[in-house]
Amino acid sequence: MAGASDGRREASSQRRLGIWVLGDQLHAGQAALASSGPGDCRVLLLQSLDQAARRRCHRQKLVLVWSAMRHFAAELRAAGWVVDAVSAESYGRGLRRWIEAHGVQELRLMEPADRGFRSLVMGLLEPIPNPPELVWVPSNAFLWSREAFAGWAGRHRQLRMESFYRDGRRRFGVLMEGEGAAATPMGGRWNFDKENRRPPRKGLAPPPPLRWTPDAITAEVIEHVASLPDLPGSVDGFGWPVTRAQALEALEHFIATRLADFGTYQDAMVRGQPTMWHALLSSSLNLGLLQPLEVIRRLEQRGLEDDVPLNALEGVIRQILGWREYTHGLHHWFGEDYGRSNALDAHRPLPDWLEALGGSGMACMDTVLGEIRDSAYAHHIQRLMILGNYGLLAGLDPQAFTGWFRRLFIDSADWVMETNVIGMALHADGGRLASKPYAASGSYVNRMSDYCRQCRFKPKQRSGEEACPFTSLYWDFLARHRDRFGAHPRMALVYKQLEKIPAGELEATRAAAARHLQGTGAS
């Protein structure tokens, strides 16, 4: 086949140019489209039924991506582009038919966000006789290019998010006072985490999130996805933004109704309030409907104009400018081997109730799984301290659990879930991302949520029939990994507490943990 090349190429009247826009690149200014013009090429948006069947994604995730692609195709056509929105059995068959039907001689793509998709595309072209030249255009979907991130990573022995975030604040001049090297963080501090950990109180009533009634395009996609067999989650009540106009409306609604109180309760979990004050912008950002810098600038502008508390404004900007850019950069910096990491030698299969999205018997877990079933969404503390914490303590297989996260969430992608689950949640990378495991007992869940009030388990009880699985598993985890973490300076206090537990009580605690795991079928 013709060799792949990189960079911007000028269209030629002698060469038939095709641009393949991937399902997470739905922005008119994306780099591959910006390298050409409406009269110079054909645009392909390709939907693969085979991939949907293999990955078994949440139904609402499929509706979101497929509907957003169809809406984007219509927007491009209205702007004068020649667009083919193709649904095919597989990427390979759909791409080959399109290339042959239109005599495409040069295929141009913006670099994919997910590391493995580049090699997949190159493999799809291999069987095609006289395939088109493949041209990769560097991505403009993130604030840090891969080269810029590599430059940052190469200067640091430990790749900690806080250091990256501070460099990003300086680089883009976000929430800074002063100019140049003399600039300092607004409010005199880089983050306000201590103000953002308040537990829930009685009577919390977050404003409802903005939802959209499906239009004809989305309704048709919903009907199609509902007919597909063996997919998790419910398609009922779908209301996610599927166009750029809706995504911009979601941003403004968040700023007007939820931003001011976001920080204070961003770590709180409440039954019947699945979104709390969270922004719900990640799916729009990850599809390309919103661009990260435009969101950050708008948040900063309106936040300062409206005197939004700095703990709220800085807290949400940190999630975009810091965590989102950091995890994408690490996904590419760490490379393919990172996804196979299993530093804690965890091999337990996933319990059946994870796939069923309910039935664990734990009020906290079943609440979160029910919310995922209904909306394909859970906010970051539910993901880390309920789902991820359980996977860490129970020793669930990191690759299987990462795949589960990838399939079930509305904002999922390989680059999103690999670092978040392998590194942050499961500590399977041995500390390359986080300095210590985020392990917590039922006491944490009880403090930061109201879940435990309606649970048959007692959060402070670590042994016996009413022992909270999180609590018994927590102490079992510490005992199991004493050699690895016993001398860790940030875990010294919890290991002192472990030493105070009488031998008989610790044995009973570990027996309770084993009984729980046997009951899940994950022992």
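Miscellaneous remarks
- A219 passes every criterion in (1) assigned to a helix (DSSP H, G or I); (2) open to solvent by 60 Å² or more (accessible area, probe 1.4 Å); (3) over 30 Å from V174 (Cβ atoms) apart from (2).
- Considered as a group, the residues in region 365-377 that are open to solvent by 10 Å² or more (accessible area, probe 1.4 Å) and either in contact (Cβ under 8 Å) with a residue 60 or more places away in the chain or closer than 21 Å to R480 by Cβ (or both) include one that is nearest to the chain's Cα centre (by Cα), and that residue is Y377.
- Qualifying residue in region 443-462 (condition: among the aliphatic types (A, V, I, L, M) and under 21 Å from G395 (Cα atoms)): yes
- Contacts under 6 angstrom Cβ, first residue in region 222-233 being open to solvent by 20 Å² or more (accessible area, probe 1.4 Å), partner of a type in the set (V, I, T), 6 or more apart: I222/V63; I222/V235; A226/V235
- Qualifying positions in region 14-60 - over 30 Å from I372 (Cβ atoms) and among the hydroxyl-bearing types (S, T, Y): S35, S36
- Flag for V295 being β-branched (V, I, T) and either closer than 20 Å to A205 by Cβ or open to solvent by 20 Å² or more (accessible area, probe 1.4 Å) (or both): no
- In region 416-443, residue nearest to R510 (Cα to Cα) [restricted to those that are free of Cβ contacts under 8 Å to residues at least 60 places away in the same chain and open to solvent by 40 Å² or more (accessible area, probe 1.4 Å)]: S443
- When each of E249, E305 is tested for being under 26 Å from A68 (Cα atoms), at pLDDT 95 or above and not β-branched (V, I, T), the lone residue that passes is E249.
- Of all residues in region 354-371, those satisfying the criterion of being farther than 17 Å from V445 by Cβ and part of a helix (DSSP H, G or I) are L354, E355, A356.
- Filter result (in a helix (DSSP H, G or I), in contact with a Leu (Cβ under 9 Å, 6 or more places away or on another chain) and not small (G, A, S)) within region 139-163: F149, W152, M161
- Going through (1) modelled with pLDDT of 95 or more; (2) in contact with an Asp or Glu (Cβ under 9 Å, 6 or more places away or on another chain) one by one, A522 falls short only on (1).
- Of everything in region 378-415 that is touching a helix residue (DSSP H, G or I) at 6+ places or on another chain (Cβ under 8 Å) and open to solvent by 20 Å² or more (accessible area, probe 1.4 Å), the residue that is farthest from L473 (Cα to Cα) is D414.
One line per residue, one yes/no per condition, for (1) modelled with pLDDT under 95; (2) within 21 Å of the chain's Cα centre (by Cα); (3) part of a helix (DSSP H, G or I):
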residue	(1), (2), (3)
M1	yes, no, no
R15	yes, no, no
G39	yes, no, no
A74	no, no, yes
V83	no, no, no
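- Residue check for R70: without any contact (Cβ under 8 Å) to a residue 24 or more places away in the chain, open to solvent by 60 Å² or more (accessible area, probe 1.4 Å) and in a helix (DSSP H, G or I): no
- Residue match in region 119-132 (condition: buried (at least 18 other Cβ atoms within 10 Å of the Cβ), more than 28 Å from M417 (Cα to Cα) and in contact with a strand residue (DSSP E or B) (Cβ under 7 Å, 6 or more places away or on another chain)): yes
- Selection within region 248-271 - touching a Ser or Thr at 6+ places or on another chain (Cβ under 9 Å) and closer than 25 Å to G370 by Cα: A250, R258, A268, M269, V270, R271
- Considering residues of region 463-504 that are out of contact with any helix residue (DSSP H, G or I) (no Cβ under 9 Å at 6 or more places or on another chain) and in contact (Cβ under 8 Å) with a residue 12 or more places away in the chain only, the residue most open to solvent (accessible area, probe 1.4 Å): R490
- For region 92-108, the set of residues classified as surrounded by fewer than 21 Cβ atoms within 10 Å (Cβ to Cβ), assigned to a helix (DSSP H, G or I) and in contact (Cβ under 8 Å) with a residue 40 or more places away in the chain consists of W98, H102, listed by residue number.
- When E249, E294 are screened for being in a helix (DSSP H, G or I) and touching a residue at least 12 places away in the same chain (Cβ under 8 Å), only E249 passes.
- T327 being in a helix (DSSP H, G or I), touching a residue at least 60 places away in the same chain (Cβ under 8 Å) and either of a type in the set (A, V, I, L, M, F, W, C) or open to solvent by 20 Å² or more (accessible area, probe 1.4 Å) (or both): no
- Condition met for A113 (surrounded by fewer than 16 Cβ atoms within 10 Å (Cβ to Cβ), among the small types (G, A, S), at pLDDT 95 or above and touching a helix residue (DSSP H, G or I) at 6+ places or on another chain (Cβ under 8 Å)): no
- Scanning region 261-291 for residues that are among the aliphatic types (A, V, I, L, M) and in a helix (DSSP H, G or I), we see that the one that is farthest from R70 (Cα to Cα) is L285.
The values are calculated or read from the model by the stated rules, or taken from the named source; none is laboratory data. For clarity, every value in this text was computed on a predicted model and none was experimentally measured. Cβ atoms come from the backbone with ideal geometry, glycine included; neighbour counts cover every protein chain shown. Ligands, DNA and RNA are stripped out before the accessible areas are found, and what is left, the full protein with its side chains, is counted by its heavy atoms. Shrake-Rupley method; radii C 1.70, N 1.55, O 1.52, S 1.80 Å.
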